[in-house]
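Input: a single structure, listed below in structure tokens.
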Amino acid sequence: PEEGNEMDFDILTGVDLQPEDGELILVTGATGGGKSTLLMALLGEFRLTEGSMTLPEGTVAFQPQVPYLLDGSIRDNILFGITGETVDEAYLQRALEASQLAAEFRNPKSTLSFKREHTR
């Protein structure tokens, strides 16, 4: 948090989460129970005041309750502002595979095609 915005009380306590490699976790609970707070903490959006947290690099995905899409193509949304020569095509391909969209882009009749007429 920015200076001056720190909270002086615990938000989450007694959390012990140790998933196995490849395990899929579903977080459920009552409204206001701390589900989103737990996930945001795992993303580093809250300062850890005690204990420890370790996440494997590059293997965690988060979908917020209210999705956000840029006004543009699917490619624009995956690259999220990266343009021109700085585009890492290998990264883009990994993102497509991870999101299971790669097959859609290979289909020439798909509306997700990377053909110029379908992108800005």
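What follows draws every value from the coordinates through simple rules; no lab data is involved. None of these values were measured; they are calculated from a predicted model. Virtual Cβ from ideal backbone geometry, glycine too; neighbours counted across all protein chains shown.
Work out, step by step, the length gained on full extension between Asp88 and Ile25: first 0.36 nm times the residue separation, then minus their alpha carbon distance; give nm to one decimal. Write down the numbers at each step before the final one.
Details: separation 63, 0.36 × 63 = 22.68 nm, distance 2.97 nm.
Full extension of this stretch gives 19.7 nm more.
If Lys and Arg each add +1 and Asp and Glu each add -1, what is the summed charge of the other residues whose beta carbon sits under 13 Å from the beta carbon of Pro64? Numbers along the way, then the final one.
Numbers: positive: Lys35; negative: Glu45.
Local charge sum for Pro64: 0.
Using a Förster distance of 22 Å, how high is the FRET efficiency between Asp16 and Gln63, based on the Cβ-Cβ distance and rounded to 0.05?
Details: r = 24 Å, r/R0 = 1.08.
After rounding to 0.05, the efficiency reads 0.40.
May I ask for the net charge around Val15, where only other residues with Cβ less than 12 Å from the Cβ of Val15 are counted and Lys, Arg are +1 while Asp, Glu are -1?
Details: positive: Lys35; negative: Asp10, Asp16, Glu50.
Result for the local shell: -2.
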